[in-house]
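Okay, structure first, notes after.
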Amino acid sequence: QVRVVESGGGTVQLGESLRLSCAASGTGSIFNIYTMDWYRQAPGKQRELVATITGGISTKYADSVKGRFTISRDNAKKMVYLRMNSLKPEDTAVYYCHAGGDKSKGLDLGDYWGQGTQVTVSS
């Protein structure tokens, strides 16, 4: 069974940085073709897609985080990271790791979610 587990959340001051980690397991030898995503959900708001990295190492970011956040992956370690720089109070949310196929290419590998990690940015 595929599992993803987030870590690295915490409380930081405005302008500081944080790196989130997502550890994947159960993907066998095909972790490298999974598309990995970071989502976030703030209280009273809808879940939003923050960043995506495909098996081909193509990345995409929400407009609100472009230039500040960087998604990366280490296929050997089956890890995905989200480096968050210049954090703002509006970045405060629970951040979730997601694993799945590249649906834009018609690849369905299921949808797997972590439990989430809280990020709080204080002004």
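Here are some notes:
- Positive-end extreme of charge dipole, segment 65-123 - chosen from 115, 75, 97 (charges on Cβ): 75
- Convex hull per residue volume in Å³, alpha carbons only, for the chain: 98 Å³
- For the pair residue 14 and residue 105 in one chain, pulling the backbone fully straight at 0.36 nm per residue adds 29.0 nm over the alpha carbon distance.
- When the Cα convex hull of segment 1-54 is projected onto planes of every orientation, the mean area is 5.0 nm².
- Debye-formula intensities of segment 34-95, expressed as log10 I(q)/I(0) at q = 0.11 Å⁻¹, are -0.25 (one equal scatterer per alpha-carbon, no solvent).
Each value in this text was obtained by applying a stated rule to the coordinates, not by laboratory testing. Being a predicted model, the structure only gives us computed values, none of them experimental. Virtual Cβ from ideal backbone geometry, glycine too; neighbours counted across all protein chains shown.
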